[in-house]
Amino acid sequence: MSGNYPNIGEKDLVRIVQSIRDLFQGRTNASGEFFLAVSPATTTVVASFNCGIGSKPLLTPLSANAALAMQVPGGVWVSAINSGSFTVTHPASVQTDRKFGYVALG
C-alpha cells in the first residue's frame, strides 16, 4: 500500500497537496499483495479495506507459479466482491509461492 492519505479534517495544505500529487503519480491505497491458499483450498479471501461492492479487483501474478495457476483450466478469477474483501477462486495446489498483486478500483 502506498500513497499519502490525509484525515478528513486535515488542515495542512502541504499534506493535502502531496496527497493530490501522489494520486497523479499513480500511488494509491487500493493495492496490495497476497498468496493463494494451499491445497485442498480452492478459494482465497483477500482482505482489502478499500474494496467495496462495486470495486473491480485486478490481479497480476508476481511469481512463476502464480502465472502457471492462471493457465490451468478454470484459471484464477475473482468470484466474490464484498465490502472490505474479495474472494479469488483458483485450482488446488501444494505450491506455497503463488503470489499475486492487486489493485481494487471503484
Problem set entry | Scan of the range 74-83 for residues that are farther than 14 Å from Phe34 by Cβ, of a type outside the set (Phe, Trp, Tyr) and either over 13 Å from the mean Cα position of the chain (by Cα) or surrounded by fewer than 17 Cβ atoms within 10 Å (Cβ to Cβ) (or both), ordered by number | Gly74, Gly75, Ser79, Ala80, Asn82, Ser83
Exercise. Is at least one residue of the range 19-40 more than 30 Å from Tyr5 (Cβ to Cβ) and either out of contact with any Ser or Thr (no Cβ under 7 Å at 6 or more places or on another chain) or of a type in the set (Ser, Thr, Tyr) (or both)?
Worked result: yes
Exercise. Looking at Val88, is it modelled with pLDDT of 90 or more, surrounded by 17 or more Cβ atoms within 10 Å (Cβ to Cβ) and in contact with a His (Cβ under 6 Å, 6 or more places away or on another chain)?
Worked result: no
Seminar exercise, completed: Given the conditions (1) in contact with a Pro (Cβ under 6 Å, 6 or more places away or on another chain); (2) in a helix (DSSP H, G or I), every one holds for Phe86 apart from (2)
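The values are calculated or read from the model by the stated rules, or taken from the named source; none is laboratory data. From a predicted model like this one, the values you see are computed outputs, not experimental measurements. For neighbour counting, all protein chains shown are included, and Cβ atoms are generated from backbone atoms with ideal geometry for every residue, glycine included.
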